[in-house]
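What follows is a set of notes on a single structure, which appears directly below.
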Amino acid sequence: MAAYCLRSDVESVFGATNIASWADLDNDQDAAKITARIDRAIEIAGAEVEDLMRYMGYAVPVKDSAGLVPTTIENLVATMAGLWLYEARGVNDTDQSGNPMHRLRYMRMWARNMFKEIANGTRKLDANL
């Protein structure tokens with residue numbers, strides 16, 4: 001599978017501190033484990049994107065006419081990787097009333113909407129079909 005984004009791309013969406021914290025499941029600040037977890041999140045998000053793109057008729061790995069990863073795909077993978085890290089820790093956020101909530105739900109909805117736009121043709125990627 002192609003690498004669709006870098007750790008720095010995930011950090012640019014959610015912040016380096018958040019990503020490191022979300023990836024530190026054992027809360028021991030072990031840099032090697034944190035890096036491995038972030039790499040795994042990027043791998044899982046990339047595989048999910050490939051599955052969806054393959055279903056929509058795009059060739060994988062997803063590349064533009066210059067052989068590069070389209071920026072839209074890079075951003076989607078980075079967003080999905082960060083969400084995977086965040087959600088894997090368990091969503092413990094609450095609203096002002098103390099009710100449980102997912103504070104990054106809007107990011108999940110954005111990613112789903114992007115895929116819907118690609119699937120229904122309202123968003124056309126510069127990528128090989």
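The values are calculated or read from the model by the stated rules, or taken from the named source; none is laboratory data. Keep in mind the model is a prediction, meaning the values are calculated, not measured. With ideal geometry, Cβ positions are generated from the backbone for all residues, glycine too; neighbour counts draw on all protein chains shown.
A few remarks follow.
- Scan of segment 1-59 for residues that are of a type in the set (Asp, Glu) and closer than 19 Å to PRO70 by Cα, ordered by number: ASP9, GLU11, GLU43, GLU48, GLU50, ASP51
- Yes/no for ALA111 being surrounded by 14 or more Cβ atoms within 10 Å (Cβ to Cβ), free of Cβ contacts under 8 Å to residues at least 40 places away in the same chain, closer than 23 Å to ALA2 by Cα and within 13 Å of the chain's Cα centre (by Cα): yes
- Scanning segment 54-72 for any residue that is surrounded by 11 or more Cβ atoms within 10 Å (Cβ to Cβ), assigned to a helix (DSSP H, G or I) and in contact (Cβ under 8 Å) with a residue 60 or more places away in the chain turns up nothing.
- If you go through segment 98-109 and keep only what is at pLDDT 80 or above and over 14 Å from VAL49 (Cα atoms), you end up with LEU104, ARG105, TYR106, MET107, MET109.
- Failed condition for ALA127, given (1) surrounded by fewer than 18 Cβ atoms within 10 Å (Cβ to Cβ); (2) assigned to a loop (DSSP other than H, G, I, E, B); (3) modelled with pLDDT under 90: (1)
- When we screen GLU50, GLU11 for residues that are over 14 Å from GLY82 (Cβ atoms), out of contact with any Cys (no Cβ under 8 Å at 6 or more places or on another chain) and surrounded by 15 or more Cβ atoms within 10 Å (Cβ to Cβ), the only hit is GLU50.
- Pair list, Cβ < 6 Å and 6+ apart or interchain, from segment 75-89 residues that are surrounded by 23 or more Cβ atoms within 10 Å (Cβ to Cβ) and part of a helix (DSSP H, G or I) to residues that are among the aromatic types (Phe, Trp, Tyr) and modelled with pLDDT of 90 or more: VAL77/TYR4; GLY82/PHE14; LEU85/TRP22; TYR86/TRP22
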